[in-house]
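Below is one structure, written out as C-alpha cells, with a few remarks after it.
Throughout, read-outs are computed from the coordinates displayed, never taken from laboratory work. Worth saying up front: this structure is predicted, and the values here are computed from it rather than measured. No Cβ is skipped: glycine too gets one built from the backbone with ideal geometry, and neighbour counts run over all protein chains shown.
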Amino acid sequence: MTIAEYIADQLVNIGVKYVFGVPGGPSIPYMEAFRTAGIEFILTSNESAAAMMADVSARLTGIPGVCHATFGPGATNIATGTGEALLDRSPVIVFTSEMPDSMLHRTTQMNIDHQKLFEPLTKKSYRINAGNVKEVMHCALRICREEYPGPIHIGLPSDIAGLEINDSEISYAPLESPEYNNDITGITTLLQKSRRPLIALGLTAMRYKLGKPILEFLNEYKIAVVVTPMAKGLIPEDHPCFAGVLFHALSDYLEDIYEKTDLVIGIGYDPVEYNYESWIPDVPMIHFNTIETDMPADKEIIQYIGKPAEWFVLLKSINPGSLIFENSVLEGIRNEMTSIFNGFLGHFGPVMVLKILKDELPGDSIITADVGSHLHLIGQYWKTPSPEKLIITNGWSSMGFGIPAAIAAQLAMPSSTVVCLTGDGGFLMMAGELMTAKRYNLPIITVVFSDGELNLIKIKQSWKDIKPYGTQIYSGDLFGSDIFLGMRVLTADSEEKMIKAVNVALSLDEPVIINAVIDPEDFKWLIVKQK
C-alpha cells in the first residue's frame with residue numbers, strides 16, 4: 001500500500017465514514033484514497049468548522065472524528081476546532097499537509113512548524129513518513145480514545161502520499177493502566193457521616209452514558225442532584241432529585257441547596273466546564289473520575305480514580321436511612337424557576353422563542369446551541385430527554401459552534417430533526433457553512449436570535465458599570481431579504497409568526513433559516529453574574 005492508501009484503510013477499519021475539511025494541492029492523493037476506500041470527503045467553507053464537525057461526529061457515533069487542512073493558514077484555521085475537541089473531550093484525528101523534509105526549515109510560502117502549533121492543542125502531534133506510518137496510525141487511534149479523549153495531530157509531508165509503506169511488522173508496547181492509591185477509608189467515612197449530600201454530575205458522566213446507573217442509585221438513595229451544562233439529559237429534569245443546571249440562567253437559586261449540604265459528591269465531574277471553587281460551599285467533597293484532576297488547594301477533597309462501576313460500589317456506603325431528603329425544597333426551586341421563566345412570555349423575547357420551539361418541534365429533535373446569552377437560557381429552560389439531544393460546547397465555548405455541529409449531527413443521524421439555535425454573532429462567524437448544508441441537502445433548521453449585538457458581552461460590561469462598547473453587530477434587519485445563500489429565510493417577530501415559521505420549516509425537506517427578531521431584555525434579568 002501507499003501511505004495515502006494505508007491511512008484510508010486504517011480509518012475505514014474503525015468505521016470512519018467522513019473526513020471534514022478544505023483541501024490543498026497535496027491533499028489530492030489522500031482524498032482519492034478516501035474515495036476509493038468508501039470515505040466521503042465533506043468539503044467545508046472553513047477549516048475550523050471541519051474540526052468542529054469531526055468533534056460532534058465523534059460524540060454522536062463513538063467513532064473518532066477526522067478532519068483535514070492544508071499548510072499554514074489551513075492549519076491555523078483548523079486549530080480552533082482542534083482546541084474544542086481537546087477541552088470538550090472528543091477523540092479526533094487532525095491531518096494537515098506539511099512541507100517536505102527539504103523545505104521544512106527553509107523560508108517558504110505558508111510554512112510554519114505545525115508540531116509546535118498543535119502541541120498545546122492536542123494530546124500528541126506526529127509527523128509521518130514511510131517508516132513510521134503504521135506506528136503513528138496505531139498510536140493515534142489508540143491515544144485519541146484514552147482518558148481523557150482528545151485530538152491527535154498528524155502532519156503529512158507533501159511529497160510522501162505515493163510512497164509505499166514499510167511492510168515490516170512493528171511490535172507495540174501493551175497499554176499500562178496507572179495505579180492510584182485511592183483513600184477508600186476516607187471516602188467511606190465521609191459517605192457514612194453525611195446526612196445532606198449533594199451530587200454534581202459532569203461531562204465525564206455524560207461521556208460514559210451513566211444515566212441508567214445514576215437513576216438506579218437515586219431510586220434507593222434520595223440525594224439532590226445538580227448537573228453541568230454538558231451533562232444535561234442524564235436524568236429527567238422533572239425527577240424528584242433534580243435541582244438544576246450549574247452556571248446557567250437562574251442558577252443562583254441553587255444556592256439554597258448549597259447552604260444545606262454537608263458533602264459534595266462529584267460523579268464524573270470535569271472542572272473544564274465549571275471550576276468547583278466557583279460554587280461549592282465550605283464542606284468536604286468526594287470527586288469520582290477516570291483520571292486525576294487538579295483541585296483547589298483550599299478545599300477538603302478526596303479523589304477516587306477508577307472506572308464508573310467502582311464509583312457506584314463505593315457510593316453504596318451511604319446509609320440511606322440517615323439521609324434527610326428535602327423533596328419540597330427541590331420542587332420549590334424547580335417551580336420557582338419555571339414561574340420566573342413563564343413571567344417572560346408576555347412579549348416576543350428569547351424565552352418565548354424557546355417555548356414555541358419546545359411546543360412545535362418533535363420531542364426527539366437534536367438541538368445544537370451556539371455560545372451566547374441564549375445558551376444560558378437553553379441550559380436551564382430547555383428540557384433535554386437525553387444528552388445526545390442537546391449538543392453544546394462548554395469546555396472550549398467557541399462562538400460559531402452551532403451550525404457546524406448541526407451539520408455533523410444531521411450527517412450522523414439523518415432521520416432526526418436537527419435544529420441549530422444561534423445568536424446573530426455566532427451565525428455570522430459560520431454562515432458560510434450553510435452552503436455545506438445546502439450542498440448535501442441537509443434539512444437543518446437554523447434559528448437565529450437576532451438582536452443586533454453581542455448581548456452577553458454587553459451584559460458583562462453592565463456588571464462592571466461600563467457603557468456598551470464594541471458590541472453592536474449591525475442595525476436594521478440582519479437579512480433584509482427572504483433568501484440568503486439560496487436558502488429561505490422565515491422572519492418572525494411575534495408569537496404567531498414564530499409558530500408559523502417553525503411549522504413551515506418542518507414541512508420543508510431542505511435547509512431553512514428562521515430569523516427570530518427578539519427583544520433581548522430577558523437576558524439581563526435571567527443570566528447570573530458569576531463569581
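The antiparallel fraction among DSSP beta bridges confined to the chain stands at about 5%.
Take the Cα of residue 309, go 7 Å toward its beta carbon, and none of the backbone nitrogen atoms of region 177-204 fall under 13 Å from that spot.
Summing charges over all other residues whose Cβ lies under 9 Å from the Cβ of residue 299, with Lys and Arg as +1 and Asp and Glu as -1, gives -4. If only the Cβ of Lys and Arg carry +1 and only the Cβ of Asp and Glu carry -1, the dipole of the chain around its Cα centre is close to 260 debye. Note on residue 458: aspartates and glutamates with a C-alpha under 12 Å away, same-chain residues under 8 apart excluded, are 521. With neighbour counts taken as other beta-carbon atoms within 10 Å, the residues 61, 44 rank, fewest first, as 61, 44. The order of the peptides 395-402, 481-488, 343-350, 307-314 by mean Cβ neighbours within 10 Å, most packed first, is 395-402, 343-350, 307-314, 481-488. Net charge in the neighbourhood of residue 113 (other residues with Cβ under 13 Å of its Cβ; Lys, Arg +1, Asp, Glu -1) is +1. Using Cα extents along the principal axes in Å as the read-out, say which of (i) 83, 73, 38; (ii) 95, 63, 42; (iii) 69, 63, 44 was calculated from these coordinates. The listed entry that was calculated here is (iii). Cα centroid separation, region 468-483 to region 251-317: 43 Å.
Restricting attention to region 184-332, lysine pairs at least eight places apart or on different chains and with alpha-carbon atoms under 15 angstrom apart total 7. Report summary: the helix-based calculation at 222 nm, which adds -39500 (n - 2.57) for every DSSP H run with n ≥ 4 and divides by the residues of the chain, gives -10500 deg cm²/dmol.
For a straight C-alpha distance cut-off of 19 angstrom, the lysines reachable from residue 497 (same-chain residues fewer than eight places away being disregarded) are 355, 358. Considering only alpha-carbon pairs that sit under 8 angstrom and 6 or more positions apart, the relative contact order computed for the chain is 13 percent.
Distance from the C-alpha centroid of region 1-63 to that of region 119-164: 14 Å, rounded to the whole angstrom.
For residue 243, neighbours were defined as the other residues whose beta-carbon sits under 14 Å from its Cβ, and their charges (Lys and Arg +1, Asp and Glu -1) total -4. In region 184-332, Cα pairs under 8 Å separated by at least six residues give a relative contact order of 32 percent.
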